[in-house]
Structure formats: C-alpha cells, structure tokens
C-alpha cells in the first residue's frame, strides 16, 4: 500500500469518515447512558459506565478526525486499489441470503446451496468437485453433530435434518 | 438400535411433517436447557444440578444447566421469558426475586403472565457470616459497631432485591442501624468477598457451609424458623429479636404458553427427582429440604407471595415510584 | 517429604488401568471439542456428566478434567490455520499464529503451541501440588477494587496488540466495552442498548463476535485479492519447531507459564487476561517488536503457554476454597458434589486419594495429549495445501456451525455475519479487531467491579490507590500507557507503524 494518495480535508478521506462514525457512535452511547440514569458516585446506576465510555469514545474519535484533517489520510479509492472488491460483496450477499433462509429452510437446505454458490461464484471450482463437496461437507457435519454430540441444527419448516 | 438403523429411520422420516400433538407425545427428543440464574458453584447451582441430573434419568434426555447470573437471579428467567420457545426445551429456576423486583422497579417481565409454572421444589437456609478473623463475634457486635459507624458495615448479598437484601434491610430497620449492601451475583462470589474481607459480612444461602465448617468463616445467625441441626449454637432471627423467617422457596417454570402435557411430563420428572434419596442427600449438604407443590398449588403460591412481598417492600420504602 | 509420598500415592491411583482409560477418553474428547471452534468443553462435559456417575468419583473427575485441559490444547489449532479463534483465550494466538501459517510455518506454530502447552501444563501441576493451599489466599485477595484495576491494566495491555494508531485501538476498545454491556444490567436487571429486540436481552455472544471479526472478515479480505490465489504459500518447510524457534521461544514459554499460572488462580477472565498479557510482555521485551504481528513465534509460544498454565491455576480456588473460577470448574464442582464430595478447605485433607489421584492423572493426561497432538500437526498442515477457493467455503461452513452450536440460536449466526462485514470494513480502514474483543470480554467485569467498589468505598475514588494490589495494577497500567509517549520509545512505535504501512 505504498501508493496511497493522501488527501487532507476532502470528502473521500477514509480516516475522516472513520473518525466521524466513531464520534457519532460515541454521542449515541453518551445519550444512552444518560437515558439509563447515571446514579450517584456512591451507587452508580446502569448508565454510569456507558456515559463515561461514550465520552472517551468521543475523545478518541475527535483525535482521529483532527489527525485526518491535519495530516491527511488515504482515500477510499486507494484502499480498494487493485482489489476485486466485487468478490467480498458477493460473499456478503450469499451470506445474507443464507442468514434469512436458515430459519425457514433449515440447515441442510440452506447450507448446501450456500456452499455451491461460494464454490462456483468467487473462484469457480470445477463442477465435479463443487457438487459433491457442497453436499457432503454440510451433510457430514450435520451427522457428526446430531449423532455424536447430540446437537440439533435447525431443521426448518420441512423438518429436514 | 444400532447407529446404522437409527440413520435408516432418520432418512425414512426425512421430509415427513410431524404434527404438534406428536411433538408433545414424544417430548423430550433432545437435551433440555435448565437456566440457573446464579453463578456456577453456589448452593442453588449445585442443588439444581443434582435435581436436574436425577430428573434427566426420568425424562431420558440430558438436562444441561446454563448459568445466567445477574440481577439477583432475574436475568436468567427474564431472558427466557423474552426469547425462548415454549417447547419445553428451555426452563428456568424461578427465585423469589422474579416476583419481588417488579414491585421495586421497571422490569421487562410480568411474573403473572410471562411464565408457565411447572413445579415447586425446595427452599433455602439463609445465614449471615463474617470472616473468622473479624472483630464481630456475635450479631450484637455488628449492631453495636453499626450504631457508632452508620453505613460503614458492608455486606455482600447475591443481588439487589433478593431475600438477603430485603431481609438485611428489614433487620437494619428494626435494629435502628444503617448497613451498606454490595450486590454480587451469587454465592460463589459472596464467599470470596467475605473470605478476602472485602465486605465485613456475607448474607447468603448455605454455599458458605464448607467454609464455616473449616473455620474460615463465622456464622452469626440463620434465618430459619428453628436452629439448624448442623449449627446448634447459632441463633435464629427470632431469637435475636427479629420476628421473621426467610426461606425463599423456589420452583421451576418455562416461558408462557407451554403445552400442558409437556408441563405435566416435566412436573412428574422433577417431582421424582426431589424424592430421589441421592438428591435429598445433596440438598441436605446445603441444609435444604424438598418442598413440593404441584403446578396448580405453585400458581396459587405465586399470587400469595407477590401479595405478601408487596407489604414488605412498602414498609421498607423500596417500592417503585 | 509428605508431598512426595502423596504424589507416589496419587500416581498409584492414576495408573490404575480403568483410570488410565477414563483419562484417555477425556483428553481425546477434549482434543476433538477443542479443535471445533464454538463447541467448547462445557457442552461435552455437561453431556458426559451422567456417564461419569457410574464409576468411582476418581474416574469420573479424571475424565471431566481431561476434557477440560484437552480442549485447551486444541483451542489454538483453528486460530493458527484459518484465523478462527475457538475461544477468547486464543484470540491473541491468531495475530502471529495465522501469519506464521501464511508464511508456510504452520507446523512450527502448532508444534510450539503443543510443546508450550505441555511445559506449561506440567509446571502448573507441579505448582498445584506444592503450593496449592498457600496460594488460596491469592484468589480471595482480589476484591472489587482489585479486579477493577486489573481490568484497567488488561485494557491498557491492548495498546500493545496494535501495530497502527493508538487512538484507533482505544476507540475500538471503548466500542468493545459498550458491546459487552448490551443486555440486562447485571446489578439492576434493566435492559441496556437492546433496541427493543428480545434477542439482545441476553447480550451479544462472544463466539459470534469473535468468529465474525476474525474468521469471516479474514475470508472476505482474502477473496478480494486477485493475484495471490493461494493465500498460504505452498512450500511448507518444516513440521516441528527448529533450533532457532526453540531459542526464541524458551523465554516466552517460561514467562507465559508463570504469568498464566498466577492469573489463572483469579476467578473470572484469568486465562484471557493471561494470554493477552503474555503477548504484550513478549512484545515489550523483544529486541525486535516490529516482528510481532508478522509471524513472530514468540507471539504464539507465550500466550499459548499462558492459557494452558492458567487452566492449571484455575484448580486452586476450586480445590482449596470450593470457589470455581469459571464455568468449566463449576461443572467439575457439580460433579464433585453429585459424587458426594464437597470441595473446600477440608477436601485435600479429607480425601487425599482423590486429590492426589486427580493431580497425578492430569500429569499423565498432559503426556497423552502431547503424544496425541504431535502426529496430528502433519495432518493439519496438509489441510492448508487445499486451494483457497475450496478452503474458504469450508471455513465459512465451519464458523456457521460453530456459532450455532455455541448457543443453539439462529440469531447468533446473523450476529456473526454482521460482525464479519463490520470486521472487513474495520480492517480495510486500519482498525484492528483484537482490542475490541479483549475489551468486550473485560468490559462487563470492569463495569460490575467499578460499581461494586464505589458502593463499598462510599464513592471514594481513593480506594483504588489505597489498596496495594489495586495500586500496583494501576501503576503498571500508567507506565505502559505513558511509556510509548516518551520520545525514544515513540520513535520505535512509529517505525513499527511505518513498517505496517509498507
């Protein structure tokens, strides 16, 4: 990453945005702390530690933001340079779809297509390997868990697994 | 059935829809989680483990104990009420704080509606201990010291709103002193606190017994009606001039809306468990005796306890505003 | 002399064929569940508890203990191979262990953690035999104020885990604390930051957070690299640590062992703090701290020894006071009681056969583990020969199953995927996950103990300085925090940072 282009007060400075997000989170934590009541120093309430942690978060976030403004930081583009950014996005999409399918379809019906997708879409593996692997790996794991460790993976509405 | 046959049966069953009625019939078909809302190693934890172990033999499925401590024993049941399915695979020990805390503050559960009460099991022996090296030889020493130093006497309790907290506040009110409560999560922690002299006293159930027997802790009083046969020299609350008995009886419950058939199965299994001599022996180690109530009586009991607790909380000024 | 007689007596018990068998079954199951991330020793021990009731108390407890320390051995395997820490204590092993694997040195990394574990395990047992009763006081010397200060020290240690910006690491730590506090307040049972979601009442699980931030994020980072298809360079030079590796590791192993043993005695996060502290210590002592984070074997040897010797130390409060320092020890306590024994100050004198038998069997179990684990290293290393496009879906499947098994909850799988995405962006923007995880573990203990100590001291903050143990912890923390700001050290840090950027 030697070819990072440093920019100062520009909107594509990734450091600046990191700091600002941190600041936002910090403010939210302070607000939550206040809402949960601070209590007294003799008997601190539920929000006591949250409140002070929020203040610390803001302090660190401000120092990151200031550093980003004065010293500059790499742009978003430079951080993703030469990267196939589409691939992680694809993996994330597959995982999100899986997350929604897991409960209704059950483990086997959702994990097998997930494996097949991951094996074929990112860096395609030949079909003759992808198909058996995507079926046998989840099935094998399911069997070991169910019969050796007595752990039941979700079976979904079709009661498969 | 051999492993191979089981697989065949499973394959055959694959794809078949199983009706809800059949589920209650077959229950239990997988391990059951029992939430114990106290840290591992205290008197509740160990007695519940012994009971669960015996009940699991009746049910034919293992019962896994899950320690979810905090909030004076309410974090576990509250978590169950909020999220668990009423399928009988998640049940929890219900300490008295589940009824008491809602009277004292805003909480996320309603003890009257959010639980399917199953069976009432047993109660505790509570006691107040101090480190063997402490200046307090008797309870009177504590009162005398507290009168001169208001608020300086600290005691470790298993949580705000527990019987130990409420009981100590009642005692303090009657003795005309001010004590400072330090809320821990349960017996294992309060033992360490008083052993290390981080607090002057410990108010907790019989988890202190091995330490008292070993002479590391001194038992100042017990909260039972009669003196404990194990400690005939230790006075009861009544003898010290505080006309109260605390035993905080407890049972188990599941989330609301459980199938009565499943409740009945659990009830039977746990009833057998507290009749099991091995369990009675384990309970006796902690000065606990079985206190069986069936599902209906347990429900009535919950209403009664809530009412009597309301009165106590009001007199102490701890009621929620 | 008494001790020697007792040890001989204990060996007599442990060497009974039936006890040897139980011991072997225990360590074998322990190794299995240790390797599978998410499936810890707790579920295996709960399930096997009824089985142990059929035999004598010695056999049952020997087997349960075997599962526990066996799982400690296996814990580092997935950390090193695929950057998935199976438990909080092996998070720190990921940092350098996985880098070593990427450089084709998975063998030495696995080897040194097996040997380190063995040495640490053996030492902690000898220590357990010799000084158990006198160390009981250590466990109770820590009250709320001392714990609070220890947690502060633990959080300061995390600044040594980072290569980049201190401000970013501290921000991550704060976020970790906040995430750790989600759920019902441990003192008042009020819901905090749950956004009305019932799943969050129970708080966020450690396993999904760790697996997301490490395992899933690592996969996402790797898939975007077009050129280096095989993430792990295929030339695997050696399977076992070389002479140089041993030379570099002997100090870290020794220091990690002692550190881990003492921190392990403390109820609560002992093993986790021990592993992080050992890493920080080695980095501080190293002549080349810049190598840390890039596959330094010291960064594997120290923490792995520390967390295994902590497992031995953890027996002390259980055996001598009846206070279990963690859930696994509590399960053992349950097993003792159900067998009709009561751990406490009187146990060693009342049941010498049992105590010494168990200790001796743990020594034998450690030896079995070494013999069991060394040949497996070759097998694990072969796994890395798989091309990455085949390996990564398996890693994902592994994490999903691990997370689900840890809680039987689909919601946790969602949490893991969300943290995977968050972890990916964090790493892209130069924020590191290790401080967040450490703070996530320590945060709730920090909060609870801070509140208790303030109640105890009636709001007097001086309590943290007046109590000696607490004051020492805070003083250490201050030195560590201020140290890097001193000019000479600062230079060193910046060089490290530059090195990272290059």
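Filter the range C:139-168 down to the residues that are at the interface with another protein chain (Cβ under 9 Å from one of its Cβ atoms), crowded, with 22+ Cβ neighbours inside 10 Å and part of a helix (DSSP H, G or I) and list them by number.
Across the range C:139-168, the qualifying residues are C:139, C:140, C:144, C:145, C:146, C:168.
Among the residues that make up the range B:218-228, is at least one of them under 19 Å from residue B:246 (Cα atoms), more than 14 Å from chain C (Cβ to nearest Cβ), in contact with a helix residue (DSSP H, G or I) (Cβ under 8 Å, 6 or more places away or on another chain) and surrounded by fewer than 18 Cβ atoms within 10 Å (Cβ to Cβ)?
Within the range B:218-228, the subset under 19 Å from residue B:246 (Cα atoms) is B:219-228.
Those still in the list that are more than 14 Å from chain C (Cβ to nearest Cβ) too: B:219-228.
Those left that are additionally in contact with a helix residue (DSSP H, G or I) (Cβ under 8 Å, 6 or more places away or on another chain): B:219-221, B:223.
From what is left, the residues that are surrounded by fewer than 18 Cβ atoms within 10 Å (Cβ to Cβ) are none.
The answer is no, given that none of the residues of the range B:218-228 is under 19 Å from residue B:246 (Cα atoms), more than 14 Å from chain C (Cβ to nearest Cβ), in contact with a helix residue (DSSP H, G or I) (Cβ under 8 Å, 6 or more places away or on another chain) and surrounded by fewer than 18 Cβ atoms within 10 Å (Cβ to Cβ).
Can you tell me how many residues within the range A:105-114 are more than 10 Å from chain C (Cβ to nearest Cβ) and either modelled with pLDDT under 90 or within 24 Å of residue B:31 (Cα to Cα) (or both)?
Counting residues in the range A:105-114 that are more than 10 Å from chain C (Cβ to nearest Cβ) and either modelled with pLDDT under 90 or within 24 Å of residue B:31 (Cα to Cα) (or both) gives 4.
Could you tell me how many of the residues in the range C:416-426 are more than 10 Å from every other protein chain (Cβ to nearest Cβ) and within 23 Å of the chain's Cα centre (by Cα)? Explain how you work it out, then say what you get.
First, pick out the residues of the range C:416-426 that are more than 10 Å from every other protein chain (Cβ to nearest Cβ): C:419, C:422-423.
Those still in the list that are within 23 Å of the chain's Cα centre (by Cα) too: C:419, C:423.
Qualifying residue count for the region: 2.
Please go through the range A:42-76 and pick out each residue that is farther than 20 Å from residue C:429 by Cα and at the interface with chain C (Cβ under 9 Å from one of its Cβ atoms).
Filtering the range A:42-76 down to residues farther than 20 Å from residue C:429 by Cα leaves A:42-56.
Passing the criteria: A:42, A:43, A:44, A:45, A:46, A:47, A:48, A:49, A:50, A:53, A:54, A:56.
Being at pLDDT 90 or above and under 24 Å from residue B:40 (Cα atoms) narrows it down to one of B:179, B:164, B:173, so name that one.
None of the others qualify; the one that does is B:164.
In this structure, is residue A:102 facing chain C (nearest Cβ under 9 Å) and either assigned to a helix (DSSP H, G or I) or farther than 18 Å from residue A:21 by Cα (or both)?
Numbers: facing chain C (nearest Cβ under 9 Å): yes; either assigned to a helix (DSSP H, G or I) or farther than 18 Å from residue A:21 by Cα (or both): yes.
Yes; evaluated as a whole, the condition is true for this residue.
Test of understanding: among B:151, B:72, which residue is assigned to a helix (DSSP H, G or I) and at pLDDT below 90?
Working: B:151 fails: assigned to a helix (DSSP H, G or I).
Exactly one of B:151, B:72 is assigned to a helix (DSSP H, G or I) and at pLDDT below 90, namely B:72.
Does residue A:117 satisfy being under 24 Å from residue C:219 (Cα atoms) and either assigned to a helix (DSSP H, G or I) or more than 11 Å from chain C (Cβ to nearest Cβ) (or both)?
Numbers: under 24 Å from residue C:219 (Cα atoms): yes; either assigned to a helix (DSSP H, G or I) or more than 11 Å from chain C (Cβ to nearest Cβ) (or both): yes.
Spelling it out, residue A:117 is indeed under 24 Å from residue C:219 (Cα atoms) and either assigned to a helix (DSSP H, G or I) or more than 11 Å from chain C (Cβ to nearest Cβ) (or both).
Condition check: within 23 Å of residue C:429 (Cβ to Cβ) and either under 20 Å from the mean Cα position of the chain (by Cα) or crowded, with 21+ Cβ neighbours inside 10 Å (or both). Does residue A:115 satisfy that? It would help to see each step written out before you state the result.
Numbers: within 23 Å of residue C:429 (Cβ to Cβ): no; either under 20 Å from the mean Cα position of the chain (by Cα) or crowded, with 21+ Cβ neighbours inside 10 Å (or both): yes.
Spelling it out, it is not the case that residue A:115 is within 23 Å of residue C:429 (Cβ to Cβ) and either under 20 Å from the mean Cα position of the chain (by Cα) or crowded, with 21+ Cβ neighbours inside 10 Å (or both).
Regarding the range C:74-96, can at least one residue be identified that is on the phi < 0 side of the Ramachandran plot and within 14 Å of chain B (Cβ to nearest Cβ)?
Applying the first criterion (on the phi < 0 side of the Ramachandran plot) to the range C:74-96 yields C:74-82, C:84-96.
Keeping just the survivors that are within 14 Å of chain B (Cβ to nearest Cβ) gives none.
Among the residues of the range C:74-96, not one is on the phi < 0 side of the Ramachandran plot and within 14 Å of chain B (Cβ to nearest Cβ), which makes the answer no.
Picking from C:136, C:127, C:173, which residue would you name as being within 14 Å of chain B (Cβ to nearest Cβ), assigned to a helix (DSSP H, G or I) and closer than 23 Å to residue C:307 by Cα?
C:136
From the list A:84, A:79, pick out the single residue that is over 24 Å from residue C:36 (Cβ atoms), surrounded by 15 or more Cβ atoms within 10 Å (Cβ to Cβ), facing chain C (nearest Cβ under 9 Å) and touching a residue at least 40 places away in the same chain (Cβ under 8 Å). Let's see the steps before the verdict.
Values: A:84 fails: touching a residue at least 40 places away in the same chain (Cβ under 8 Å).
It is A:79.
Given the criteria at pLDDT 90 or above and surrounded by fewer than 14 Cβ atoms within 10 Å (Cβ to Cβ), does residue B:110 qualify? Quick ask: steps written out before the conclusion?
Values: at pLDDT 90 or above: yes; surrounded by fewer than 14 Cβ atoms within 10 Å (Cβ to Cβ): yes.
Yes; evaluated as a whole, the condition is true for this residue.
Going by the conditions given, is residue C:93 assigned to a helix (DSSP H, G or I), surrounded by 24 or more Cβ atoms within 10 Å (Cβ to Cβ) and modelled with pLDDT under 90? Give the derivation first.
On the way: assigned to a helix (DSSP H, G or I): yes; surrounded by 24 or more Cβ atoms within 10 Å (Cβ to Cβ): yes; modelled with pLDDT under 90: yes.
Spelling it out, residue C:93 is indeed assigned to a helix (DSSP H, G or I), surrounded by 24 or more Cβ atoms within 10 Å (Cβ to Cβ) and modelled with pLDDT under 90.
I need a count of the residues in the range C:17-34 that are touching a residue at least 24 places away in the same chain (Cβ under 8 Å) and surrounded by fewer than 20 Cβ atoms within 10 Å (Cβ to Cβ).
Keep residues of the range C:17-34 that are touching a residue at least 24 places away in the same chain (Cβ under 8 Å), which gives C:18-20, C:22-34.
The next check asks that each one be surrounded by fewer than 20 Cβ atoms within 10 Å (Cβ to Cβ); those that pass are C:18, C:20, C:24-25, C:28, C:32.
The qualifying residues number 6.
Output the residue which, of all residues in the range A:1-23 that are over 16 Å from residue C:425 (Cα atoms) and surrounded by 18 or more Cβ atoms within 10 Å (Cβ to Cβ), is modelled with the highest pLDDT.
Residue satisfying both the conditions and the ranking: A:23.
Can you pull out every residue in the range C:443-476 that is under 15 Å from residue C:151 (Cβ atoms), more than 23 Å from the chain's Cα centre (by Cα) and within 7 Å of another protein chain (Cβ to nearest Cβ)?
C:450, C:451, C:452, C:454
For the range B:25-68, give me the residue count where each residue is more than 12 Å from the chain's Cα centre (by Cα), assigned to a helix (DSSP H, G or I) and at the interface with another protein chain (Cβ under 9 Å from one of its Cβ atoms).
5
State which residue is farthest from residue C:455 (Cα to Cα) when the search covers only the range B:162-190 and only residues that are at the interface with chain C (Cβ under 8 Å from one of its Cβ atoms) and in contact with a helix residue (DSSP H, G or I) (Cβ under 6 Å, 6 or more places away or on another chain).
Ranking the candidates gives B:184 first.
Where residues in the range B:294-317 are over 24 Å from residue B:161 (Cα atoms) and in contact (Cβ under 8 Å) with a residue 60 or more places away in the chain, which of them is surrounded by the most Cβ atoms within 10 Å (Cβ to Cβ)?
B:295
If you take the residues of the range A:144-161 that are at the interface with chain C (Cβ under 10 Å from one of its Cβ atoms) and part of a helix (DSSP H, G or I), which of them is farthest from residue C:398 (Cα to Cα)?
Once the filter is applied, the top-ranked residue is A:148.
Restricting attention to the range A:130-143, report how many residues are within 8 Å of chain C (Cβ to nearest Cβ) and modelled with pLDDT under 90. Working first, answer last.
Initial filter on the range A:130-143 (within 8 Å of chain C (Cβ to nearest Cβ)): A:133-134, A:137-138, A:141.
Checking which are modelled with pLDDT under 90 leaves us with A:141.
Residues flagged as within 8 Å of chain C (Cβ to nearest Cβ) and modelled with pLDDT under 90 within the range A:130-143 amount to 1.
Counting residues that are at pLDDT 90 or above, which helices (runs of 4 or more DSSP H) fully inside the range C:390-502 reach at least 1? Talk me through it step by step, then tell me what you get.
Values: elements: C:410-428, C:433-456, C:463-466, C:468-482, C:487-501.
Filter on the range C:390-502 gives C:410-428, C:433-456, C:463-466, C:468-482.
Test of understanding: among C:317, C:303, which residue is under 27 Å from residue B:42 (Cβ atoms) and in a helix (DSSP H, G or I)? Show your work before the answer.
On the way: C:303 fails: under 27 Å from residue B:42 (Cβ atoms).
Of the residues listed, the single one that is under 27 Å from residue B:42 (Cβ atoms) and in a helix (DSSP H, G or I) is C:317.
Suppose we filter the range B:81-99 for residues that are in a helix (DSSP H, G or I) and modelled with pLDDT under 90; how many remain?
Just the residues of the range B:81-99 that are in a helix (DSSP H, G or I), to begin with: B:81-83, B:97-99.
Imposing the further condition that a residue be modelled with pLDDT under 90 reduces the set to B:81-83.
The total comes to 3.
So if I check each of C:364, C:297, C:358, C:348, which one is within 14 Å of chain B (Cβ to nearest Cβ) and on the phi < 0 side of the Ramachandran plot?
So the residue among C:364, C:297, C:358, C:348 that is within 14 Å of chain B (Cβ to nearest Cβ) and on the phi < 0 side of the Ramachandran plot is C:348.
Evaluate the range C:346-356: report whether one residue or more is modelled with pLDDT under 85 and either within 27 Å of residue C:35 (Cβ to Cβ) or not in a helix (DSSP H, G or I) (or both).
The answer is yes; a qualifying residue exists.
Which number in (1) touching a residue at least 40 places away in the same chain (Cβ under 8 Å); (2) within 22 Å of residue B:298 (Cα to Cα); (3) in contact with a helix residue (DSSP H, G or I) (Cβ under 8 Å, 6 or more places away or on another chain) marks the one condition that residue B:82 misses?
(1)
The values are calculated or read from the model by the stated rules, or taken from the named source; none is laboratory data. Keep in mind that this is a model prediction, so the values were computed, not measured. Don't worry about glycine lacking a Cβ; one is built from the backbone with ideal geometry, like all the others, and counts go over all protein chains shown.
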